[in-house]
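Some notes on the structure that comes next.
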Amino acid sequence: MLSSPVIELEQISKAFGATQALDRLDLHVEAGQTSVLIGPSGCGKSTLLRVLVGLIEPDGGTATFEGTTITPQSVHALRRRMGYVIQEGGLFPHLTATENVVLMARQLGWPEPKWRSRLGELAELTRLPTDALGRYPIELSGGQRQRVSLMRALMLDPHVLLMDEPLGALDPMIRFELQVELRAIFRRLGKTVLLVTHDLDEAGFFGDFIVLLRNGRIEQRGTLEELVNEPRNEFVRAFVNAQRSTVAPLREDPRP
Amino acid sequence: MSGIARHLFGVLVLVLSAQAVFAQEPSVTVGSKKFTESVILGEILTQLAATTGAEVEHRSELGGTRILWSALKRGEIDLYPEYTGTISKEILQAGDAATINEIRDALKAEGMIVSEPLGFNNTYILGMKKDLAEKRGIRRISDLARHPDLRFGFSNEFLDREDGWPGLRRDYALPQRDVRGMDHDLAYRGLAAGSIDIVDLYSTDAEIEYYGLLALEDDRAHFPRYDSVIVYRDDLEGRAAEVVTAISALEHAITAADMIAMNAKAKVENVPESRIASEFLGRHLGMQTDRRDVGAWERFWIHTVEHLFLVAVSLAGAILIAIPLGVIAARFSRVGQAILGTVGIIQTIPALALLVFMIPLLGIGAAPAIVALFLYSLLPIVRNTYAGLHDIPRPIVESAIALGLSPSQRLRLIELPLAARSILAGIKTSAVINVGTATLGALIGTGGYGQPILTGIRLDDVGLIMQGALPAAGLALLCQAAFEIAERRFVSKGLRIKAG
Ligand SMILES: Nc1ncnc2c1ncn2[C@@H]1O[C@H](COP(=O)(O)OP(=O)(O)OP(=O)(O)O)[C@@H](O)[C@H]1O
Ligand SMILES: [Mg+2]
């Protein structure tokens, strides 16, 4: 299959006062790829995702989503094709898990049998226990909340998933479990994924490509092996070493 | 005032005037001030006017001179008992006391007619306890200059008016510094309790006898004459000539002794003013008049309906306006600060002042009270709506945006439900404040629970005060309870349960 760029960022800049959060950044993401954004805190990872979702308007440059330039006018329609998941899930606390997941579908006028069957599919996919569906976010565990959040993002069957540290707030056991499940889901659905993490190990586990950022610029884009074995500069080497020294050797890739 | 508020203002006025039309207005309306003598005279006028077959309404206990005078000018009342001294100083603002003929001419130009004097002069005097006066050797007002330690407790009107304390202090060069403003009726209690030494009195007050007071001689003739008269609109002669003839029977018919006796009956023996009036008319003018006594329960019911009407209409209006204002304030920070500032300033205007400001615009009765209560109710609701929306965590708002919800969907489905508890708390605060503040409406003729409170203070009748104060407190508690129920209905369970 010939892959075409789903996301194209060209010369994107964004400053907050004196802070240059994104600095003339270029990035292309092909359909079906999982790309992981990584880099020191404050390097602009979240800002990049927020530009794509249209929460932030860049100061300069163009961002294109499936061939359409993202503008405040166009982005509303594009959001139907994006699923956005953030660290704490961003679930609406006044709605039950089900209500959170199906909110947008119902606003779009889906008939009940349709959204119910989609809800069932997603609960199965994310392995969310059925009795959790009727609970409010405050009654769910952190892992369940992230599952619901993912269900909500997937409800309208978006082409792209934008995930900002989706597992960041979870304890290691749950986190490991969810990593494995998430990657299986990505593979199964064949979605284009742009995921942010702090953890190089997690980045290597998920990512076809890893994008290492610093001060709003891309330092290197490549596979984990490329970053480890062919660091483009001193910063990449130092970043990789700092992360590698704290974690166990690269986890076995369970791909056949 | 913003455009929206002005519109609501207009709607309120419309609703209320429509009500007045359907209520089939009585042909003659008598007014009276909030002190007993005025109420008795108003009642006498009412019963006398009713003997002609006219339909007569008595709007009693309407605050002070300014309120009565503007009500008269606007035609909301047709006549009321007044005093010549008050007319010349307060209404005409003449430097020197005008003669009754000068007063007549001046009021004629305003479309008002002044009757012949009714026969007694109810001027201000100063009073103190007889034993203290004897001990200090005080008999005349000029003697007070030698006793700078004496404590004065004056009615607020006396403190303000030119012929009251300011002029008196000048004319007698009085040195006292401890001068407090208080309700006329409370002043007597202070005097009895010994917390004040000198009060202003009306020379026909029943309390002079009752409390054993000495009326100090006005040896420099400071106080002008306060001859009791009736003031009425000149169109009354065309509309109800028989009424004008009937009330003229009171001219030169009431002596100071008659008036003191009637005042004492009301204040000391607690005889209803309507009975005092009918007895007076029977005894002195040989007239048989109808009076309608309203039973305690019926009165309670009427006051409840009046009070609920004030609170419900003003609160409903406030909710309709304040929530959108709060939403706008949360959305647009510049406009938001202006909105919050404006409603905040409204809140600092004293309730009574706000009521009085409204009178030239809206007259007396429910309309100005509802507008004033409406304005007071805005701040808590606007502020809580603003705070409730403003405090929604950013990740929640951004998730809603990223999900593809439109701004109006976000407001309806996410933001308002999340702010519901805060908004409800604001409405609750407004409702409770509103229930209390509405009691002041009685001063401008709205009725409600303020009416028995006002009458109770006037008659020094704690039981009567309780008849207004207790239901008002009860209503406030009821509001609280209602909002607790509303919270269960409007605030999602997901927000009510504690993290476990
Ligand atoms: N709304 C904002 N106002 C001001 N500064 C901001 C804002 N959002 C981000 N920044 C700044 O822009 C820079 C990039 O922020 P961003 O959130 O994209 O970092 P990040 O890479 O996601 O960091 P982390 O790993 O800590 O989440 C930081 O210096 C941050 O302080
Ligand atoms: Mg971030």
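Things worth noting here:
- Averaged per residue, the range A:137-256 has 45 square angstrom of accessible surface, using a 1.4 angstrom probe with ligands and nucleic acids left out.
- Shielded by partner chains, the range A:122-169 residues - at least 10 Å² of accessible area, 1.4 Å probe, vs chain alone: A:Y136, A:I138, A:E139, A:R152
- Ligands, DNA and RNA are left out, and with a 1.4 angstrom probe the accessible area of chain B is 44 Å² per residue.
- Dipole orientation for chain B: of the candidates B:V56, B:G365, B:A438, B:A438 has the Cα lying most toward the positive pole (charges on Cβ; Lys, Arg +1; Asp, Glu -1).
- Percent of Cα pairs exceeding the 28 Å cut-off, where the set is the range B:166-302: 40 percent
- Rounded tilt (10° steps) of A:97-107 against the dominant C-alpha axis of chain A: 90 degrees
- Taking a Cβ cut-off of under 15 Å around A:L119, the surrounding Lys, Arg, Asp and Glu residues balance to a net charge of +2, with basic ones at +1 and acidic ones at -1.
- Distance between the range A:195-219 and the range A:61-135 - C-alpha centres, whole angstrom: 25 Å
- Prolate/oblate/rounded call for the range B:271-349, Cα gyration tensor, a/c under 1.5 rounded: prolate
- Dipole of chain B [Lys/Arg +1, Asp/Glu -1 at C-beta], most positive-end residue of B:M182, B:L68, B:M262: B:M182
- Shielding score for A:82-92, defined as the mean number of other chain Cβ atoms within 10 Å: 5
- This model, with +1 at the C-beta of Lys and Arg and -1 at the C-beta of Asp and Glu, gives chain B a dipole about its Cα centre of some 2820 debye.
- Of A:K114, A:K45, B:K34, the order by accessible heavy-atom surface (1.4 Å probe, DNA, RNA and ligands excluded), from most exposed downward, is A:K114, B:K34, A:K45.
- Rounded to the nearest 10 Å², the accessible area of A:D201 at probe 1.4 Å: 30 Å²
- In sequence order, the range B:393-400 has phi-based couplings of x, 4, x, 5, 4, 5, 4, 5 Hz under the Karplus curve 6.51 cos²θ - 1.76 cosθ + 1.60, θ = phi - 60°, and Gly or Pro positions carry x.
- In chain A, taking the dipole from charged Cβ atoms about the Cα centre, the farthest positive-side position among A:G54, A:L27, A:P172 is held by A:G54.
- Neighbour net charge for B:P117 - beta-carbon separation under 10 angstrom, K R +1, D E -1: -2
- Averaged over the residues of peptide B:484-497, the number of Cβ atoms from other protein chains lying within 10 Å of each residue's Cβ is 3.
- Carbon/sulfur fraction of accessible area - chain A, other protein chains in place, 1.4 Å, %: 50 percent
- Computed over the range A:7-246, relative contact order equals 28 percent, with contacts defined as Cα pairs under 8 Å that lie 6+ residues apart.
- Taking a ≥ b ≥ c as the square roots of the eigenvalues of the Cα gyration tensor, the range B:124-215 is rounded, since a/c falls below 1.5.
- Chain A - share of DSSP beta bridges that are antiparallel (%, nearest 5): 55 percent
- Sparsely packed loop sites in the range B:40-74 (the trypsin sites (Lys or Arg not before Pro) outside DSSP H, G, I, E and B with at most 16 other Cβ atoms within 10 Å) comprise B:R74.
- Taking all protein chains together, B:Y80, A:Y136 sort by accessible area into A:Y136, B:Y80, largest first [probe 1.4 Å].
- For the range B:124-175, the fraction of 1.4 Å probe accessible surface lying on carbon and sulfur atoms is 44 percent.
- Theoretical ellipticity at 222 nm over chain B - DSSP helices of four or more residues, -39500 (n - 2.57) apiece, nearest 500: -18000 deg cm²/dmol
- Complex-versus-alone comparison for the range B:391-408, residues with a loss of 10 Å² or more in accessible area, probe 1.4 Å: B:R394, B:P395, B:I396, B:E398, B:S399, B:I401, B:A402, B:L403, B:G404, B:L405, B:S406
- For the range A:7-246, the Cβ-based charge dipole about the Cα centre amounts to some 500 debye (Lys, Arg positive; Asp, Glu negative; other atoms uncharged).
- Over 25 Å between alpha carbons, listed pairs A:K114/B:K493; B:K33/B:K135; B:K33/B:K428; B:K33/B:K265; B:K89/B:K135: A:K114/B:K493; B:K33/B:K135; B:K33/B:K428; B:K89/B:K135
- The range B:381-500 - Rg and Dmax from Cα coordinates, angstrom: 20.4, 67
- Note on the range B:296-499: with neighbouring protein chains present and a 1.4 Å probe, carbon and sulfur make up 71 percent of its accessible heavy-atom surface.
- The range B:262-330 and the range B:167-218 have Cα centres lying 29 Å from one another.
- Using a 1.4 angstrom probe on protein heavy atoms only, the contact between B and A buries about 2100 square angstrom of accessible area, both sides summed.
- Simple Cβ-charge dipole of the protein assembly as shown, Lys/Arg +1 and Asp/Glu -1, about Cα centre, in debye nearest 20: 2620 debye
- Helix-only CD estimate at 222 nm, as mean residue ellipticity for chain A, using -39500 (n - 2.57) per DSSP H run (n ≥ 4): -11000 deg cm²/dmol
- Inter-part distance where the range B:444-500 and the range B:417-433 are each reduced to a Cα centre, Å: 15 Å
- All Cα-Cα distances of the range B:296-499, cut into 10 Å bins from zero to the largest, leave 9, 30, 30, 18, 9, 3, 0 percent in each bin in turn.
- Projected over all directions and averaged, the alpha-carbon convex hull of the range A:7-246 occupies 13.4 nm².
- Estimated D of chain B in µm² per second, where Rh is the Kirkwood radius over Cα pairs and Stokes-Einstein applies at 4 °C, 1.567 mPa s: 51 µm²/s
- Debye-formula intensities of the protein assembly as shown, expressed as log10 I(q)/I(0) at q = 0.04, 0.08, 0.09, 0.10 Å⁻¹, are -0.32, -0.76, -0.85, -0.97 (one equal scatterer per alpha-carbon, no solvent).
The values are calculated or read from the model by the stated rules, or taken from the named source; none is laboratory data. In this text, all values refer to a predicted model and were calculated from it rather than measured experimentally. With ideal geometry, Cβ positions are generated from the backbone for all residues, glycine too; neighbour counts draw on all protein chains shown. Side chains included, ligands, DNA and RNA excluded: accessible areas come from the protein's heavy atoms. Shrake-Rupley method; radii C 1.70, N 1.55, O 1.52, S 1.80 Å.
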